[in-house]
C-alpha cells in the first residue's frame, strides 16, 4: 500500500514565501495526523485521563488555542475576552472529536490569514 504524500512534499502551497510555507504545511500536517489518529475514538476515550498524561481532547484544544494566542502576540496585541475565556476552559471535557478538530481548524485558518497578510 502506497502512503499519502506528506503536505510539505506536496507543493500545494503556492503564492507564499518559502520562509512562511513551512508553517502552513505544519498546520496541514497536524490536521491530517489528528484526523487520522483520532478516528474511531469515542468521546470517553478522547477525554480519558491516563495517569499524569493529559487527555487527547485537551491537547487538541490546546493546539488550536496556542496557535491562536501566538498569532495575537505576533500582531502585537493582547488576548481578548474570547481568548481568555477559551484559555480557562482548555481542560474542560465534553467537546466531541468533530468539535475539537473544527476548533483547531478554525484557529489554523485564522493563523493562515495572519501569515498571508
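Every number here is computed from the coordinates shown, using simple stated rules; none is lab data. Since the structure is predicted, the reported quantities are computational estimates derived from the model, not experimental observations. Quick reminder, even Gly has a Cβ in these numbers, built from the backbone with ideal geometry, and neighbours come from all protein chains shown.
Each peptide in 19-31, 54-66, 88-100 was scored by the mean count of other Cβ atoms within 10 Å over its residues; highest first, the order is 54-66, 19-31, 88-100. Mean residue ellipticity at 222 nm from the helices of the chain, using -39,500 (n - 2.57) per DSSP H segment of n ≥ 4 over the full residue count, to the nearest 500 deg cm²/dmol? Computed ellipticity for the chain at 222 nm equals -19500 deg cm²/dmol.
Could you tell me what % of all Cα pairs in the chain have separations over 26 Å? That tail contains 27 percent of the Cα-Cα pairs. With the Cα gyration tensor of the stretch 52-117 giving a ≥ b ≥ c as the square roots of its eigenvalues, does the rule (a/c under 1.5 for rounded; else a/b larger than b/c for prolate; else oblate) give rounded, prolate or oblate? Here the stretch 52-117 falls in the prolate category.
Relative contact order of the chain: 30 percent, from C-alpha pairs under 8 Å at least 6 residues apart in sequence.
Viscosity 1.306 mPa s, temperature 10 °C: Stokes-Einstein D of the stretch 27-90 from its Kirkwood Cα radius, in µm² per second? So the translational diffusion coefficient is about 120 µm²/s.
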